[in-house]
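The values are calculated or read from the model by the stated rules, or taken from the named source; none is laboratory data. It should be emphasised that the depicted structure is a prediction, and the values quoted were computed from it without experimental measurement. Glycine also receives a Cβ, built like all others from the backbone with ideal geometry; neighbour counts cover every protein chain displayed. Just the protein is used for accessible areas: all its heavy atoms, side chains included, with ligands, DNA and RNA removed. Shrake-Rupley method; radii C 1.70, N 1.55, O 1.52, S 1.80 Å.
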Amino acid sequence: MQPNQARRDMLRIVIVTTAALWLGGCGRTEPSGIAEEIARIPAIDNHAHPVSVTGPGEQDREFDALPVDNMEPSSDPVYLRPGAPGIAEAGRALFAPLGRKRTMRDKGDGYPAWVLDQMGVEVMLANRVQMGRGIQPPRFRWVPYADALLFPLDNSHVAAANPDRKAFFADEDTLLRRYLKDARLSAPPASLDEYLVRAVTPTLERQKQGGAVAEKFEAAYLRSLAFDKADRAAAARVYAQYLGKGAPPDDQYKTLQDYIFRHIAAECGRLGMAVHIHTMAGAGSYFDVRGANPLLLESVFNDPDLRKTKFVMLHGGWPFTREITALLEKPNAYLDYSAQSLMLAPTTLAATLREWLEFVPEKVMFATDAYPYSDEMGWEESGWIAAHRGRRALEIALAAMIRDGEISRDRARELARLVLRENARRLYGL
């Protein structure tokens, strides 16, 4: 037996066993007959933030360009609160009887891949500043961040909007300096053309060469997703006028950001990378939910110059789930349901999944948004919970479609494979 096949067989055993434990406690009242079939499919996780294995006393902060652990308090969703349903069960399933530290020590650099096995995930797209120990291909594929490239000028004015943005823009300024240093620049070049040619494009090309399959934008934490078509000359004037000369007015800075965004998107299309965009209500009490509405991206999807670029709307646009459904008709628009499978009950998520599967199922992808939310719920627990709830929601949606005579059982199996792995495999050429 080939090593890859042996690993897949072992992965299927883990998936079926843990799914049976999970589903047994979910209060199932109407067996669908396809739960075990869904459980056997090794998934591709389209979006997550795995934490690198570190030595004693070390910390990994590369799992997010904008870590949310220092934000002002907000009213957390029920499933993310301390002691939330599922956390203890996930901890037992993952770490009993040895515990987290002993398991991590025993697994060594193989620990992150072992976590994927427990989640039923064959490949995870790792949204990180850079890859780390234990987080390497082929089990992990890199998705770095592009937001910092949008903000080459003085960000003091936009950062002053609220305390969260003040911290976030400090992080983005640090990351931009890192990108510039990697491009052998000590500061942004004198003109916009030079900035694009000497800083932006080389950063994307380096990341592509480093194994990146997509670029991630967390822009909704920093500004609206309304990236309008911008005039190149106008953007160049803003850049030249304010580079090193104070903060530009919001409307003028937006013009520059809009132009750079579309340049990045076009370059991603040229390089064969997808563009991932956060489309969901975000963490923190200052997040601008209205600014994350995926409908704001419609002009981007409709731009003929960007039709070669594949856009993935992460988190499925919640609470704008019906609006995002209509966008699936765009030939370059995709979505995943990361985070929703962690924060919503499977029955709630299933209703949304059914709408998507009835519309354009070839564009819908499984994902977890595994993230180190707290000491109690690390990326391991959150990933395990989201993976199992995500499968359960998919089962509920497909079972209802079978029951209502919309699809056959064979079509349900086909849809399950599309959502759990085939859509992502085709999109990224895995």
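Quick check: the angle from helix 3-24's long axis to the longest principal axis of the chain, C-alpha only, nearest 10 degrees?
For 3-24 against the chain, the angle is about 70 degrees.
What does DSSP give for the chain in terms of the percent of beta bridges that are antiparallel, rounded to the nearest 5?
Antiparallel bridges: around 5 percent, rounded to the nearest 5.
What is the percent carbon and sulfur in the accessible area of the chain, measuring with a 1.4 Å probe over the protein chains and ignoring ligands?
Exposed carbon and sulfur together represent 51 percent of the surface.
In degrees from 0 to 90, rounded to the nearest 10, what is the angle of the helix 379-403 Cα long axis to the longest principal axis of the chain?
Roughly 70 degrees between the two axes.
Could you sort out which of K166/K245; K181/K245; K245/K330 sit more than 31 Å apart by Cα distance in this structure?
Values: K166/K245 20 Å; K181/K245 21 Å; K245/K330 41 Å.
Checking Cα-Cα distances, K245/K330 exceed 31 Å.
Suppose every Lys and Arg Cβ carries +1 and every Asp and Glu Cβ carries -1, with no other charges. What dipole size does the chain come out with about its Cα centre, to the nearest 20 debye?
1000
Can you compute the radius of gyration and Dmax for region 205-294, using only the Cα atoms, both in Å?
Over region 205-294's Cα set, Rg and Dmax evaluate to 14.7, 38 Å.
Among F140, A126, N155, whose Cα sits farthest toward the positive end of the charge dipole of region 126-183 (+1 at Cβ of Lys/Arg, -1 at Cβ of Asp/Glu, about the Cα centre)?
Positive-end residue among those listed: F140.
As a test of the formula, what do you get for the chain when each DSSP H run with n ≥ 4 contributes -39,500 (n - 2.57) and the sum is divided by the residue count, at 222 nm and rounded to the nearest 500 deg cm²/dmol?
After summing the helix terms and dividing by residue count, I get -13500 deg cm²/dmol.
Near the amide H of A126, under 5 Å away, which other amide H atoms are found, from residues 5 or more places off or on another chain, if H is placed in the peptide plane?
Excluding prolines and chain starts, which carry no amide H, the hits are R141, W142, V143.
Where does each of 183-189, 145-151 land if you order them by average Cβ count within 10 Å, highest first?
Highest mean packing first, the order is 145-151, 183-189.
With θ set to phi - 60° and the Karplus curve 6.51 cos²θ - 1.76 cosθ + 1.60, what are the ³J(HN,Hα) couplings of region 173-181 in order, to the nearest whole Hz, using x for Gly and Pro?
4, 5, 5, 5, 4, 5, 5, 5, 4
Under a 1.4 Å probe, what is the accessible area of the chain per residue, stated in Å²?
41
With axes computed from alpha carbons, what is the tilt in degrees of helix 232-242 against the longest principal axis of the chain, rounded to the nearest 10 within 0 to 90?
So the helix axis and the longest Cα principal axis differ by about 70 degrees.
Amide H of E62 versus every other amide H placed in the peptide plane: which residues, excluding those fewer than 5 positions away on the same chain, fall under 5 Å?
none
What is the set of long-range amide H partners of H276 at a cut-off below 5 Å, with H atoms built 1.01 Å from backbone N?
The list, which skips near neighbours in sequence, is E215, K216, F217, V312.
Based on the mean of other Cβ atoms within 10 Å per residue, sort peptides 91-104, 110-123 so the most packed one is first.
110-123, 91-104
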